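Colleague: Take this structure first; my questions come after.
The values are calculated or read from the model by the stated rules, or taken from the named source; none is laboratory data. These numbers come from a predicted model, not from an experiment. All Cβ positions, glycine included, derive from the backbone under ideal geometry; neighbour counts span all protein chains shown. Just the protein is used for accessible areas: all its heavy atoms, side chains included, with ligands, DNA and RNA removed. Shrake-Rupley method; radii C 1.70, N 1.55, O 1.52, S 1.80 Å.
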Amino acid sequence: MSDARRIEITGVVQGVGFRPWVYRMAMTHDLRGWVRNTSAGVTIHAEGPSAALAAFMADLRAAPPPQAHIHTFDAHVVAPEGATTFEILHSTPIPGAMQPISPDLALCDDCRRELYDPADRRYRYPFINCTQCGPRFTIIQDIPYDRPQTTMAAFDMCAACAAEYQAPLDRRFHAQPVACPVCGPQIWLEAGGASLAGEAALAAAAERLRAGAILAVRGLGGFHLACDATSAEAVARLRARKARPAKPFAVMVRDLATAQRFCHLNEVEMSLLRSPASPIVLLARRADGEPLPEAVAPGQTTLGVMLPYTPLHDLLLDALACPLVMTSGNRVSEPIETENDGARAALGAIADAFLLHDRPIHIRTDDSVMRVFQGAELPLRRSRGYAPYPLDLPMELPPLLAVGAEMKNTFCLARARYAFMSHHIGDLESYAARASFAAGVAHFERLFRVVPTVLAHDLHPDYAATRYATDRAARDDLPLVGVQHHHAHIAACLAEHGHSGARPVLGVCFDGTGYGTDGTIWGGEFLLADYADFQRLAHLKPLPLPGGDAAVRRPYRIAAAYCLACGLDVPEELPLSPQEAAILAQQLARGVNTPLTSSMGRLFDAVSALLGVCTATSYEGQAAILLEARADPQAEGAYAFKSTAQGYDPAPVLAGLLADLRVGVPVPTLAGRFHNSVARLIVTVCADLARAAGVQEVALSGGVFQNVTLLAKTLPLLEQAGLTALVHRRVPPNDGGLALGQAMIAGWRWRVNTRA
Ligand code: ZN
Ligand code: ZN
Ligand code: FE
């Protein structure tokens, strides 16, 4: 007597070995029927005794494959079809249906074992992969996830690979990128007009790296520029050729033991490094650790470290005794290169040789960057290994597109309770970056079957993403929702925590720059916010920013302007020429080209310059990052901001720092005290506002909260004050997380409007 069940499962269930696992479960429980991928998920038809069906379904829910994530699981009783076997059927597309797809997955242990097994037919094959690892997002052109819809379509499987691909119990069953040395992609090395293939390419690449050369390496989501991280000359050459004087480089090390020679690692950091996402993890350098050239990460007390995440990287690191600098393979302010031809042209003046392959990269994906704070991830850049895995939203949203910010751009497509945050697009200043943004949006809309009915954008009229949204709204006749920058930051923090939005929270939003509703630049904000709206309850006192955004490159000018505006003498140590000083005084007196800003990021810049830590910058956030690096976290003491009608005035803080600097208090102590001062400001202001507003939760967002020294000082104080703090764990606190908040706010307003 047979019963039957039809089971519909949605979530990340394709490209992760889900159907073979269902097949094995069906065998275990002696059931008949079939399983197939649809463009909405996976459908199972199972027949057998009802007790076996119940046990089968319990197992399906209890222990899915490691990389799978089940979102919904629906089973109905249906009529038996009289099946005599259990089969894996061909995929059926469902028009308009949506299916999350897996991010790229780092080389798994099983494949790594085969990679170094001389008896294996994929011994030392740089593209070995299986259902648990390998490229996904970067090679997928459309759903359902089947080989013809990937960039592997061009490679015809050999008989041996096809047999594995078709054997339900093989660990490469329906592994779409399955390949071997006979039928799959190949590597080669190009240098000085000559070309070497296979093992010879690898050996020559390693030899050149050892000799100090710079290599362009085509990887999973794009090119890296690589060099020996222990060679000061090689690192200096890379910096000079790439015109990247100071921004820290990430380093790829062979294994955790190597990482430990340079850095401290805790359990969470180790498991993050070894996770399938395999991000760059920012680790604390060991005082007693092995030295690296200062040029790898100038002025830093941390080092960005990653492990080899593709077989090609693994083979390369295995052939070398040294860690490699692995930095993005791009020209200044351009997106990373993905194509061989593009890389030859763009990186020809930087790289001495090119390690190339012929597996096309459909979508560019940069390495992700994570920090571990209090035992959990704090994302700084959410890209490879994470995107396009969707975030669960606390409520249903209409299909919409949120275009994000100008810097560190990501966009967000929302549909129902999914938010598809894009990979890192980067700064939208170059034409290539803007083209990559538009292509990325189109790709995501097709991939996830989202036809936006609303467009959300930042209020800044000059953001390229804002212009994209307004142009598109006109073209496609779509409604636009403008979202205030800091409101979006706070909403992003709430959304990732699954906050219902039923009650407002205090939002502390500290960042560099964001367009305020009054047309001035905000960035040191205390908001009472929910998804619907916000009130600006308090903020830093606006101070003049000489030369506007250009001042960001010259923190000493900000420092001088802030001193003058606060009635303090400009310290002689600032590298300000008499001419500059005169112009500055004039600008301030006349209020010419000196927009006012309440930005906390700029206050960090000013203090960094005042203390002589960083007076000129070459990358975003440099002055603040170096100030954190110099700060003694144990330093005692703080200076109080003054509450004024124009906002919280940092004048007493700056005066106190300067006075203590004069009497010889060490800079690390002063930098620590400045952090203490900001933490106390947060807590004092929040305690007052929370009492008055009757709220208890505080969301901390904005780029300043990438600073874990500040977070570590702030959280215990908030807790002592009886407040609950929400910090970022899924999307970055910087502008890379902004689109999520824009999506939530626009979606909320749309719901309210359409209900009314
Ligand atoms: Zn594998
Ligand atoms: Zn093959
Ligand atoms: Fe921001």
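Colleague: If we keep just the residues of the range 131-160 that are within 13 Å of ligand 2 (Cβ to nearest atom) and not in a loop (DSSP other than H, G, I, E, B), which is nearest to Pro20 (Cα to Cα)?
Modeller: Out of the qualifying residues, it is Arg147.
Colleague: Filter the range 374-389 for residues that are in contact with a helix residue (DSSP H, G or I) (Cβ under 9 Å, 6 or more places away or on another chain) and open to solvent by less than 10 Å² (accessible area, probe 1.4 Å) and give the result.
Modeller: Leu378, Pro379, Ser383, Pro388
Colleague: Return the pairs, sorted by first residue and then second, in which the second residue is crowded, with 18+ Cβ neighbours inside 10 Å and modelled with pLDDT under 95, the first residue lies in the range 448-463 and is more than 15 Å from Val483 (Cβ to Cβ), the beta carbons are less than 7 Å apart, and the residues are 6+ apart or on different chains.
Modeller: Correct list of pairs: Phe448/Met98; Phe448/Arg415; Arg449/Met98; Val450/Arg415.
Colleague: Here's something else I'd like to know. Could you list, in sequence order, all residues of the range 191-221 that are in a helix (DSSP H, G or I), of a type in the set (Gly, Ala, Ser), touching a residue at least 12 places away in the same chain (Cβ under 8 Å) and open to solvent by 10 Å² or more (accessible area, probe 1.4 Å)?
Modeller: The answer is Gly198, Ala203, Ala204.
Colleague: While we're looking at this one, here's another question. May I ask you to list the residues in the range 730-753 that are among the polar types (S, T, N, Q) and either within 15 Å of ligand 3 (Cβ to nearest atom) or crowded, with 24+ Cβ neighbours inside 10 Å (or both)?
Modeller: We begin by selecting, within the range 730-753, every residue among the polar types (S, T, N, Q); these are 734, 742, 753.
Passing the criteria: Asn734, Gln742.
Colleague: Tell me yes or no: at least one residue of the range 580-598 is under 19 Å from Leu670 (Cβ atoms) and under 28 Å from the mean Cα position of the chain (by Cα).
Modeller: No, because not a single residue in the range 580-598 is under 19 Å from Leu670 (Cβ atoms) and under 28 Å from the mean Cα position of the chain (by Cα).
Colleague: State whether the residues of the range 347-366 include one that is in a strand (DSSP E or B), of a type in the set (Ser, Thr, Tyr) and in contact (Cβ under 8 Å) with a residue 60 or more places away in the chain. Step through it out loud before you land on a result.
Modeller: So in the range 347-366, the residues in a strand (DSSP E or B) come out as 353-357.
Then keep just the ones that are of a type in the set (Ser, Thr, Tyr); that gives none.
Looking for residues that are in a strand (DSSP E or B), of a type in the set (Ser, Thr, Tyr) and in contact (Cβ under 8 Å) with a residue 60 or more places away in the chain, one finds none in the range 347-366, hence no.
Colleague: In the set Pro65, Pro100, which member is touching a residue at least 60 places away in the same chain (Cβ under 8 Å), within 20 Å of Pro168 (Cβ to Cβ) and under 33 Å from the mean Cα position of the chain (by Cα)?
Modeller: Answer to the check: Pro65.
Colleague: Among (1) assigned to a helix (DSSP H, G or I); (2) in contact with a strand residue (DSSP E or B) (Cβ under 7 Å, 6 or more places away or on another chain); (3) of a type outside the set (Gly, Ala, Ser), where does His539 come up short?
Modeller: That leaves (1) as the condition not met.
Colleague: Evaluate the range 128-140: report whether one residue or more is more than 27 Å from the chain's Cα centre (by Cα) and away from ligand 3 (no atom under 16 Å from the Cβ). Quick ask: steps written out before the conclusion?
Modeller: Quick first cut of the range 128-140, residues more than 27 Å from the chain's Cα centre (by Cα) only: none.
Checked the range 128-140: no residue is more than 27 Å from the chain's Cα centre (by Cα) and away from ligand 3 (no atom under 16 Å from the Cβ).
Colleague: Within the range 718-756, which residues are touching a strand residue (DSSP E or B) at 6+ places or on another chain (Cβ under 9 Å), polar (S, T, N, Q) and modelled with pLDDT of 95 or more?
Modeller: Thr724, Asn734, Gln742
Colleague: Every residue in the range 134-155 that is within 13 Å of ligand 1 (Cβ to nearest atom) and either charged (D, E, K, R) or at pLDDT below 95 (or both), please.
Modeller: Across the range 134-155, the qualifying residue is only Arg136.
Colleague: Also, quick follow-up: Residue by residue through the range 164-179, note down the ones that are crowded, with 19+ Cβ neighbours inside 10 Å and out of contact with any Asp or Glu (no Cβ under 6 Å at 6 or more places or on another chain).
Modeller: Once the filter is applied, which keeps residues that are crowded, with 19+ Cβ neighbours inside 10 Å and out of contact with any Asp or Glu (no Cβ under 6 Å at 6 or more places or on another chain), the range 164-179 yields Phe173, His174, Ala175, Gln176, Pro177, Val178, Ala179.
Colleague: Listed residues Asp352, Asp392, Asp358; which is open to solvent by 10 Å² or more (accessible area, probe 1.4 Å), in contact with a strand residue (DSSP E or B) (Cβ under 9 Å, 6 or more places away or on another chain) and over 30 Å from Ile128 (Cβ atoms)?
Modeller: Going through Asp352, Asp392, Asp358 in turn, the sole match is Asp392.
Colleague: Under 6 Å by Cβ, and 6 or more places apart or on different chains, what pairs join a residue from the range 126-142 that is aromatic (Phe, Trp, Tyr) with one that is away from ligand 2 (no atom under 16 Å from the Cβ) and assigned to a loop (DSSP other than H, G, I, E, B)?
Modeller: Going by the 6 Å Cβ cut-off, the qualifying pairs are Phe137/Pro103; Phe137/Asp104; Phe137/Pro388.
Colleague: Of the conditions (1) without any contact (Cβ under 8 Å) to a residue 60 or more places away in the chain; (2) under 16 Å from Gly703 (Cα atoms); (3) open to solvent by 40 Å² or more (accessible area, probe 1.4 Å); (4) not aromatic (Phe, Trp, Tyr), Gly612 clears all except one; give me its number.
Modeller: (2)
Colleague: With respect to Asp74, determine if the residue is open to solvent by 30 Å² or more (accessible area, probe 1.4 Å) and away from ligand 3 (no atom under 16 Å from the Cβ).
Modeller: Criteria met by Asp74.
Colleague: Also, I was wondering about something else. Looking for whichever is under 18 Å from Pro652 (Cα atoms), touching a residue at least 12 places away in the same chain (Cβ under 8 Å) and crowded, with 19+ Cβ neighbours inside 10 Å here; the options are Leu543, Leu584, Leu576. Which one fits?
Modeller: Working: Leu584 fails: under 18 Å from Pro652 (Cα atoms); Leu576 fails: under 18 Å from Pro652 (Cα atoms).
Among Leu543, Leu584, Leu576, only Leu543 is under 18 Å from Pro652 (Cα atoms), touching a residue at least 12 places away in the same chain (Cβ under 8 Å) and crowded, with 19+ Cβ neighbours inside 10 Å.
Colleague: I would also like to ask the following. For the range 61-109, name all the residues that are in contact with a Ser or Thr (Cβ under 7 Å, 6 or more places away or on another chain) and within 21 Å of Pro276 (Cα to Cα).
Modeller: Gln67, His71, Gln99, Asp104, Ala106, Leu107
Colleague: If Val481 passes every condition in (1) among the aliphatic types (A, V, I, L, M); (2) assigned to a loop (DSSP other than H, G, I, E, B); (3) open to solvent by 10 Å² or more (accessible area, probe 1.4 Å) but one, which one does it miss?
Modeller: That leaves (2) as the condition not met.
Colleague: Then there's this: Determine, yes or no, whether Leu715 is touching a helix residue (DSSP H, G or I) at 6+ places or on another chain (Cβ under 7 Å), part of a helix (DSSP H, G or I) and surrounded by 18 or more Cβ atoms within 10 Å (Cβ to Cβ). Reasoning before the result, please.
Modeller: Details: touching a helix residue (DSSP H, G or I) at 6+ places or on another chain (Cβ under 7 Å): no; part of a helix (DSSP H, G or I): yes; surrounded by 18 or more Cβ atoms within 10 Å (Cβ to Cβ): yes.
Answer is no for this residue.
Colleague: Please go through the range 167-190 and pick out each residue that is within 13 Å of ligand 2 (Cβ to nearest atom) and either more than 18 Å from Gln67 (Cα to Cα) or not in a loop (DSSP other than H, G, I, E, B) (or both).
Modeller: Ala179, Cys180, Pro181, Val182, Cys183, Gly184, Pro185, Gln186
Colleague: Another question, then. Tell me, yes or no, whether the range 342-358 has at least one residue that is in contact with a Ser or Thr (Cβ under 8 Å, 6 or more places away or on another chain) and more than 16 Å from ligand 2 (Cβ to nearest atom).
Modeller: No, every residue in the range 342-358 fails to be in contact with a Ser or Thr (Cβ under 8 Å, 6 or more places away or on another chain) and more than 16 Å from ligand 2 (Cβ to nearest atom).
Colleague: Residues that are assigned to a helix (DSSP H, G or I), more than 16 Å from ligand 1 (Cβ to nearest atom) and not hydrophobic (A, V, I, L, M, F, W, C): does the range 416-433 have at least one?
Modeller: For the range 416-433, residues assigned to a helix (DSSP H, G or I), more than 16 Å from ligand 1 (Cβ to nearest atom) and not hydrophobic (A, V, I, L, M, F, W, C): present.
Colleague: Now for a separate question. Give Phe510, Phe534, Phe526 a once-over and let me know the one that is modelled with pLDDT of 95 or more and either open to solvent by 10 Å² or more (accessible area, probe 1.4 Å) or within 16 Å of ligand 1 (Cβ to nearest atom) (or both).
Modeller: After applying the criteria, what remains is Phe534.
Colleague: From the list Val698, Val727, which residue is farther than 15 Å from Thr410 by Cβ, more than 16 Å from ligand 3 (Cβ to nearest atom), touching a residue at least 60 places away in the same chain (Cβ under 8 Å) and open to solvent by less than 20 Å² (accessible area, probe 1.4 Å)?
Modeller: On the way: Val727 fails: more than 16 Å from ligand 3 (Cβ to nearest atom).
Testing whether each residue is farther than 15 Å from Thr410 by Cβ, more than 16 Å from ligand 3 (Cβ to nearest atom), touching a residue at least 60 places away in the same chain (Cβ under 8 Å) and open to solvent by less than 20 Å² (accessible area, probe 1.4 Å) leaves just Val698.
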